[in-house]
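S.K.: Supplied in structure tokens, the structure appears directly below.
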Amino acid sequence: MLDSYSNFVKSLENDRPKEHWSEPLKAMWHAEKGNWERSHDIAQDLHTTIGSWIHAHLHRQEGDKFNAGYWYRQANRKYPTNTLAEERREITEYLLA
């Protein structure tokens with residue numbers, strides 16, 4: 001696993017995430033790389049609170065506020081007011097903690 005957000009950011013230079021990473025962390029890696037489809041494919045198969053949070057973020061990014069709102073509720077989170085980049089970092093740091 002990674003020990004810091006800065007190491008995660010450095011990993012974005014690679015062609016793919018590390019195989020031993022958790023699925024949620026891989027989803028965030030793909031989101032940071034701009035691969036919405038791959039990130040969404042992973043997130044929709046995560047039937048957990050964190051999966052719902054990632055799923056919500058992706059639909060927020062997509063501009064689908066209604067669908068995002070549903071997934072934020074599933075994740076027990078309020079609809080965020082921070083930027084998408086700030087939320088990606090927040091989710092990633094949560095996963096790294």
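The values are calculated or read from the model by the stated rules, or taken from the named source; none is laboratory data. Given the structure is predicted, the values throughout are model-derived calculations rather than measurements. Here the Cβ positions follow ideal geometry from the backbone for every residue, glycine too, while neighbour counts run over all protein chains shown.
S.K.: What is the one condition in (1) of a type in the set (Phe, Trp, Tyr); (2) within 21 Å of residue 4 (Cα to Cα); (3) modelled with pLDDT of 95 or more; (4) not in a helix (DSSP H, G or I) that residue 79 does not satisfy?
M.R.: (2)
S.K.: I'd like to check which helices (runs of 4 or more DSSP H) are fully inside the stretch 17-64 and have at least 1 residues that are farther than 23 Å from residue 6 by Cα and of a type outside the set (Lys, Arg). Spell out the reasoning first.
M.R.: Working: elements: 23-32, 36-43, 49-62.
Correct list: 36-43, 49-62.
S.K.: Against the conditions (1) out of contact with any Leu (no Cβ under 9 Å at 6 or more places or on another chain); (2) farther than 24 Å from residue 11 by Cβ, where does residue 46 fall short? Just the number, please.
M.R.: (2)
S.K.: Residues in the stretch 57-97 that are aliphatic (A, V, I, L, M), surrounded by 13 or more Cβ atoms within 10 Å (Cβ to Cβ) and either closer than 18 Å to residue 22 by Cβ or touching a strand residue (DSSP E or B) at 6+ places or on another chain (Cβ under 7 Å) (or both): how many?
M.R.: Initially, the stretch 57-97 is screened for residues aliphatic (A, V, I, L, M), giving 58, 68, 75, 84-85, 91, 95-97.
From the residues that got through so far, the ones that are surrounded by 13 or more Cβ atoms within 10 Å (Cβ to Cβ) too are 58, 68, 75, 84, 91, 95-96.
Imposing the further condition that a residue be either closer than 18 Å to residue 22 by Cβ or touching a strand residue (DSSP E or B) at 6+ places or on another chain (Cβ under 7 Å) (or both) reduces the set to 58, 75, 91, 95-96.
Residues in the stretch 57-97 being aliphatic (A, V, I, L, M), surrounded by 13 or more Cβ atoms within 10 Å (Cβ to Cβ) and either closer than 18 Å to residue 22 by Cβ or touching a strand residue (DSSP E or B) at 6+ places or on another chain (Cβ under 7 Å) (or both): 5 in total.
S.K.: Can you tell me which of 91, 54, 42 is in contact (Cβ under 8 Å) with a residue 40 or more places away in the chain, of a type in the set (A, V, I, L, M, F, W, C) and touching a helix residue (DSSP H, G or I) at 6+ places or on another chain (Cβ under 7 Å)? Reasoning before the result, please.
M.R.: Values: 54 fails: in contact (Cβ under 8 Å) with a residue 40 or more places away in the chain; 42 fails: in contact (Cβ under 8 Å) with a residue 40 or more places away in the chain.
The match here is 91.
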